Amino acid sequence: MRAEIKTAIILGITIVIIIGVISIILSSFDLESPAISGLEKDTDKSRFKMAPELVGITHYLNTTQEELAERIKGKVVLYDIWTYSCINCIRTLPYITAWDEKYSDEGLLIIGIHSPEFEFEKDPNNVMMAIDKHGINYPVVMDNEMKTWKAFDNRYWPRKYIADHEGYIRYDHIGEGAYQETEKIIQDLLKERARDLELQITSTDTLVDIDEFEHTVFRTPELYFGYKFAQGRNQLGSIEGFKENQIVSYSEPERIELHKFYLMGDWKNLEDSMELASDKGAIKLQFNAKEVNIVTANHADLEILMDGKPLSAKYAGDDISSENRITVTDPGLYNIIKSNEASVHTLDITVNNPGFQIFTFTFG
């Protein structure tokens with residue numbers, strides 16, 4: 001046998017041995033998620049934080065302060081930090097409301113912590129309309145001063161924390177997704193609660209079956225119209241730029257770039273939005289996505305064109321009327337484009353109502 005062949009055989013055997021040793025070593029580690037350690041009788045909870053108190057709450061919806069204080073005792077609690085014009089938050093609500101219906105009698109309490117991004121989201125009437133629209137029956141507390149947000153040391157919408165029946169935070173998830181993982185945590189913690197409190201529950205391992213929204217990987221990022229929110233993002237393509245708290249006359253652009261928005265007409269530059277100051281105005285945008293939403297306020301009738309033409313049924317969003325328009329009535333999120341595949345298009349929005357405010361574009 002040639003020396004080269006012997007060397008190759010020895011090297012191959014050595015690699016196999018090394019892989020085997022590594023596999024044995026890895027199998028000795030606990031690869032379970034650090035968020036929860038399972039249902040061991042003597043779980044060491046010293047590494048978990050306690051859920052903070054709900055502080056700075058301005059309004060209690062679907063509950064009272066006294067009722068909530070009683071209901072929370074000894075429950076597994078899912079804290080959902082959200083705001084009603086956030087599309088990412090909205091997409092999670094069908095799962096959360098389904099979990100509420102499925103597990104509320106088994107010891108789960110869901111608390112929606114409504115921490116607003118924009119000023120109009122601080123109005124309890126607006127939040128209550130959103131609660132009714134999305135079928136939310138669990139308690140919602142309005143964290144208008146963001147004090148509970150800060151108590152959780154949070155920086156994201158949406159975010160879910162799950163605390164066990166003793167108040168220890170055992171799970172933490174940012175954004176959309178991980179719905180099956182989250183529901184399994186709920187099931188495990190309810191079983192743990194039943195065991196510790198010697199209760200009987202209807203045990204089930206089945207999971208809520210709802211189609212999950214599939215994001216476009218390469219899509220236009222969220223575009224902010226307020227000068228404070230847009231700092232460092234370079235999303236306004238108009239050469240006139242931002243001018244804090246001033247009315248700026250924006251001219252039609254000679255050319256447009258992908259992922260930037262352009263204004264025409266007189267617009268007042270506000271911290272969180274742009275407000276139309278002239279009788280007529282327009283917004284132009286080139287985007288790459290399969291879904292486009294706007295967050296707006298103040299009554300307005302918006303005419304929508306895509307690539308210079310009225311929207312076809314293939315692209316018309318949920319809030320587009322048969323006249324190819326969107327009628328803004330209540331402040332919040334409106335769906336303009338909804339399609340099955342992402343593609344690049346140019347969007348033109350014509351506004352004929354002074355006082356109309358636009359806060360952001362979001363994409364899917």
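What the table shows:
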{"quantity": "Scope the range 238-254; condition loosely packed, with under 15 Cβ neighbours inside 10 Å and not in a loop (DSSP other than H, G, I, E, B); matching residues", "calculated": "Ile247, Ser249"}
{"quantity": "Filter pass, Asp42 being farther than 17 Å from His114 by Cα and either modelled with pLDDT under 90 or not in a helix (DSSP H, G or I) (or both)", "calculated": "yes"}
{"quantity": "Candidates Gly355, Gly317 - the one that is modelled with pLDDT of 95 or more, surrounded by fewer than 17 Cβ atoms within 10 Å (Cβ to Cβ) and among the small types (Gly, Ala, Ser)", "calculated": "Gly355"}
{"quantity": "Residue check for Val295: buried (at least 19 other Cβ atoms within 10 Å of the Cβ), touching a residue at least 40 places away in the same chain (Cβ under 8 Å) and of a type outside the set (Asp, Glu)", "calculated": "yes"}
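Residues checked against (1) at pLDDT 95 or above; (2) touching a Lys or Arg at 6+ places or on another chain (Cβ under 8 Å); (3) crowded, with 22+ Cβ neighbours inside 10 Å:
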residue: Arg47; (1), (2), (3): no, no, no
residue: Met50; (1), (2), (3): yes, no, no
residue: Val55; (1), (2), (3): yes, yes, no
residue: Glu70; (1), (2), (3): yes, no, no
residue: Lys73; (1), (2), (3): yes, no, no
residue: Glu101; (1), (2), (3): yes, no, no
residue: Ser104; (1), (2), (3): yes, no, no
residue: Pro116; (1), (2), (3): yes, yes, yes
residue: Pro124; (1), (2), (3): yes, no, no
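The values are calculated or read from the model by the stated rules, or taken from the named source; none is laboratory data. Every value quoted in this text rests on a predicted model; they were computed, and no experiment measured them. Note that each Cβ is placed from the backbone with ideal geometry, even for glycine, and that neighbours are counted across all protein chains shown.
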